[in-house]
Amino acid sequence: MGSTGTVLRELRGAQKTAKGVSLYSRYVNRPAGRVLAAGAHRAGLTPNQVTSISALFTFAAIASAALVEPSWGLGLAVWAGLVTGFAFDSADGQLARLTGKGGPDGEWLDHVVDCAKMILVHTAVLISFYRFGELPAVEWLLLPLGFLFVAVLTFCAGLLREQLGRAAARPAPAGGAAPVSRVRAVALLPADYGVFCLVFLLLGAPGVFRVGYAALAVVHAVFLVAFLVKWFRELRALRAD
């Protein structure tokens, strides 16, 4: 087994394309995941074990958000747990590509954990609102439900776009891959899960947290509409002539 530096160099050559990836994932989460993947490789962990570690950090943070009264300390702990879980979520795929030990079971497990994460994080906000929120109006309880709907629909529609597009894919035209747009990477920041995690740093000020969470919900809903239109057009273009 090579040194950590050697493993990191190998991991840099085992990255997925940066196309359609926000600046946070490209410059924060993937590099952090690369370091974690190198450490996991040195420790002899499998990609599925790394996925399980990601789930432990993520679900512990979500449970804390649901069960503990909001405070600045809780917000920092929840944010740290979520972003650490997110980094390990990147590490499992990088480790799989490095070792060649990935497979359908690992991809399935990764998607199951991602789906559970999206459902539970908004459920935790709903529970926290109900238990500790002192909401100005009961209608605020609808906000996490709406955000949950948007998150799950985006996840499922995107996954179907990927799978159906792969099944109907045509040979790519010559000329290499399309250039990565920095403008697009910046524009995608509000929809990035790592950016979403930042809102939990506001848990010490419940009113500010509600406003920030609501703003993100609106932004994600706008992105959902744009993604649905884009994905439908892309799939339609793949129809056989």
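The values are calculated or read from the model by the stated rules, or taken from the named source; none is laboratory data. Since the model is a prediction, treat every value here as computed from it, not as a measurement. All Cβ positions, glycine included, derive from the backbone under ideal geometry; neighbour counts span all protein chains shown. Calculation scope for accessible area: heavy atoms of the full protein, side chains included, ligands and nucleic acids excluded. Shrake-Rupley method; radii C 1.70, N 1.55, O 1.52, S 1.80 Å.
Look through segment 29-44, keep the residues that are of a type outside the set (S, T, N, Q) and crowded, with 20+ Cβ neighbours inside 10 Å, and return whichever of them is farthest from Leu198 (Cα to Cα).
Filtering first and then ranking leaves His41.
Just one of Asp105, Asp110 is of a type in the set (D, E, K, R), at pLDDT below 95, farther than 30 Å from Ala205 by Cα and in contact with an Asp or Glu (Cβ under 7 Å, 6 or more places away or on another chain); which is it? Outline the logic, then answer.
Working: Asp105 fails: in contact with an Asp or Glu (Cβ under 7 Å, 6 or more places away or on another chain).
Of the residues listed, the single one that is of a type in the set (D, E, K, R), at pLDDT below 95, farther than 30 Å from Ala205 by Cα and in contact with an Asp or Glu (Cβ under 7 Å, 6 or more places away or on another chain) is Asp110.
Any idea how many residues of segment 115-135 are open to solvent by less than 50 Å² (accessible area, probe 1.4 Å) and charged (D, E, K, R)?
Total satisfying the criteria: 1.
Does Thr84 fit the bill of being within 16 Å of Asp110 (Cα to Cα), modelled with pLDDT of 95 or more, β-branched (Val, Ile, Thr) and surrounded by fewer than 21 Cβ atoms within 10 Å (Cβ to Cβ)?
yes
What residue, of Val152, Val68, Val112, Val138, is open to solvent by 60 Å² or more (accessible area, probe 1.4 Å), without any contact (Cβ under 8 Å) to a residue 60 or more places away in the chain and under 14 Å from the mean Cα position of the chain (by Cα)?
Val112
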